[in-house]
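Single-structure report; data block below.
Computed from the coordinates by the stated procedures, all read-outs in this text should not be read as laboratory data. Since we're looking at a predicted model, the values are computed, not measured. Ideal geometry is used to build each Cβ from the backbone, glycine not excepted, and the neighbour counts take in all protein chains shown.
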């Protein structure tokens, strides 16, 4: 089986949306990426850090999804990274209420030996130096390296971000971040500029408005599935990235055509993530549900048109 | 040839965007609808009203596109409807600076005899009573009646709007208007409620984020083409409606599958409209350009995916 190496936070989240609020629940980029990627036929490993307060049942959950946790460091006496946020009424924006880095502040990722030759590397949102240090540890050139990042690093670690961007094949960022990073309002122009900064492929996530995939010459768009109810957008972008990188890992094909399918798989899985708080929907998702919704995606987007 | 009857404003617009501003130029819903629909093989007529100040060259332009202007009343001594607006930096919102109804205030539409049996009726944005009075004059039941409207009528003529909605097959409105009309934030729920108000098909326009087509059971989505430059969104929604209704008129097919194609044609034509101020791009658009961009639309949206 092909191997997917995932780096990112494993965390506690406390979330408030117009539909309710949660206590501290399982969260973190690597968690959502790992759960999402586990829908494909692959071996994955998470490189991350948690504190002694992190429940064994959460670790067991990851293991049950065939996720290798040998790279998940547990710091004795340490506390797990904690994020708390409150979403606005339209769910498109949110305020961060609490960010406690805790053990994440001194995180030095160690890639397990058996994943130093992973086929695909998914660098979840973290300090760019941490992302770089993971790439430094690889023994074999991966088929594809995917980088997720956010505006926070553009504000406070731009040079380090630019350095790691030169080492990756795909970057996934949201529309506002693409505009900030490129200084261009048009997403077409923004993608072209970001492309020049390193990544051959630029994925721009637009939340409920879908996602764009650019290479130097081509562009592909997948909508978000229109949903009756959206409860909690937390983790949707990471779930998307997990579906994207998971499908690429399984299929061993990095053609633009196959990346289109990967974008659709990512969008499909993200559509489930938002239907419940935190990881709940992803944990209970069945293969049949994912397949049924893929059919809906086809019906939603595919058309026949005569060209003269 | 099949007949498309278009009702809506023919106007002067003065537009300011971050990229420049115009003096009074040709505008109006019926103008954009007519120019857009003229890309298809059909006969169309515009029912509208202008003042004596309306230049003959604009009337000649419409005629040159095979648009029957016998229903375009010219009021002696009257002044043409004038709208002026200023777009914000993101082009997604605008302030209306001036609205001078002028001859539009007393407009009583008269449908030319040879269009009382039109195949498709496109009711552009106008007072719902004016839209209704056009339907009253038809001698034959049309294949399809499409209604465009806006939040202004929801605020000040809601009962009249609801009455005309019961008489149409398709309604086109933007996402905010769909939410206002239905009281539902989710566009899936909004479309279901609007469907219950009359129209079998609900088209929700999301501007740069594309358009959704709903019937009772199905949903289809077409993105807006990602563009390098957007100069002026004025008329894009009407151009979309003109492409939609024009393609349906030409193809004589009101299946959901064919409506998907109509949505794509509408999106395709609207993508040109925004590239220049006012009607300029639509006036100079060639068949080859439209075909080339349709190919881009296919590449943008079509994918292969394995279903188990």
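Quick notes on this one:
- Cα-based shape type of segment A:98-256, given that a ≥ b ≥ c are square roots of the gyration tensor eigenvalues and the cut on a/c is 1.5: rounded
- Copies compared at residue B:136 - label distances in nm, ascending, label defined 7 Å from Cα in the Cβ direction: 8.0
- Computed [θ] at 222 nm, deg cm²/dmol, the protein assembly as shown (DSSP H ≥ 4; -39,500 (n - 2.57); rounded to nearest 500): -11000 deg cm²/dmol
- GNM top mover of B:177, B:52, B:208 - chain B, alpha-carbon springs below 10 Å: B:52
- Nitroxide proxy distance, nm - points 7 Å out along Cα→Cβ at residue A:166 and residue A:291: 4.7 nm
- Seen through its C-alpha gyration tensor, with square-root eigenvalues sorted a ≥ b ≥ c, chain B comes out rounded because a/c lies under 1.5.
- Distance between segment B:63-133 and segment B:169-234 - C-alpha centres, whole angstrom: 22 Å
- Residue-averaged beta-carbon neighbours from other chains (10 angstrom radius) around A:182-189: 3
- For the segment A:292-299, counting C-beta atoms of other chains within 10 Å of every residue's C-beta and taking the mean gives 3.
- Gyration tensor (alpha-carbon) shape descriptor, the protein assembly as shown, a/c threshold 1.5: prolate
- Antiparallel %, DSSP beta bridges [both residues in segment A:86-238], to 5: 45 percent
- For residue B:90, the distances from its label point to the matching points in the remaining copies are 0.6 nm, ordered from shortest, with each point set 7 Å beyond Cα toward Cβ.
- Residue of chain A with the smallest Cβ distance to the axis mapping A onto B, distance rounded to whole Å: A:209, 2.
- Order of B:158, A:300, B:269 under a 10 Å beta carbon neighbour criterion, fewest first: B:158, A:300, B:269
- Sorted from shortest to longest, the distances between the residue A:106 label points of this copy and the other copies are 8.6 nm, with each point 7 Å from Cα along the line through the beta carbon.
- Counted over the protein assembly as shown, the DSSP beta bridges are approximately 35% antiparallel.
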